[in-house]
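Each remark here refers to the structure printed beneath this line.
The values are calculated or read from the model by the stated rules, or taken from the named source; none is laboratory data. No experiment lies behind these values; they were computed from the predicted model shown. All Cβ positions, even for glycine, are placed from backbone atoms using ideal geometry, and neighbour counts span all protein chains on display.
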Amino acid sequence: MNYRKLWIKENGPIPLDKQGRSYEIHHIDGNRKNNCLENLLCLSIQDHYRLHYDKGDYFAANLIAQRMDKPAEPVKKWNVSESTRAALRESKLGDKNPMKDPAVRKKVSEALKGRRKSPEAEAKRLKSREGFKHSEETKQKMKKPKYKLKCPHCSLEGGSSQMKRWHFENCKNKI
C-alpha cells in the first residue's frame, strides 16, 4: 500500500502549510519500502529538506528543494585542504598535464589499440539504446551535409570538414 494512503488511513488527512503545499511523509530509516507506521514521520517540506541536508543526503535535499521552488543550497565541499585542491587543479592544467607529453600520448594510444569491450559491457550499451528512435525530421537533417565545398583544383565536392582536413592540401591537381 502507498505510504501516504497508509498515513491518511491511520492518522487522518495530511496537513497543508501556509503556501498550500502538502506536508511530506518521511521514512525514518531511509528505506522507502519499509512503510510501517513506526517508520513514517509527517514533516513540513522545509523541515524535510533541512533533515536531509543536515544528514548529508544532498541528492534527496535537492529533489525536495525543487518541489519547494527554492534554489538548492550549494553542496558542502569535501573535507580537503586548500593546498590539496590547488595541487589537483595544477595537475590538470598547464605543462604538468601528462597527456601533453607526446611520449605519454603514444604509450596510451598503443596500450588502447585492439582493446574490445567485454560482451557484458557491449550488451549493456545496446540495452541503453533499446527503443530509442530518431524522428523522421531528425533523420532527414542527419542525411544531408551541413554544406558542401568544391575543390578549386579538381572540382571534387564533399563535406566541408572532410574536404578541409583531407583533400585540399593533398589534391593531385594542385599546382
Problem - Residues (in contact (Cβ under 8 Å) with a residue 12 or more places away in the chain and either basic (Lys, Arg) or in a loop (DSSP other than H, G, I, E, B) (or both)) located in region 152-168 - result: His153, Cys154, Leu156, Lys164
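Of everything in region 116-146, what is part of a helix (DSSP H, G or I) and of a type outside the set (Lys, Arg)? Give them in sequence order. Talk me through it step by step, then tell me what you get.
Residues of region 116-146 that are part of a helix (DSSP H, G or I), as a first pass: 119-129, 136-143.
The answer is Pro119, Glu120, Ala121, Glu122, Ala123, Leu126, Ser128, Glu136, Glu137, Thr138, Gln140, Met142.
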Problem - Which numbered condition Leu149 misses (of (1) hydrophobic (A, V, I, L, M, F, W, C); (2) at pLDDT below 85; (3) in a strand (DSSP E or B)) - result: (2)
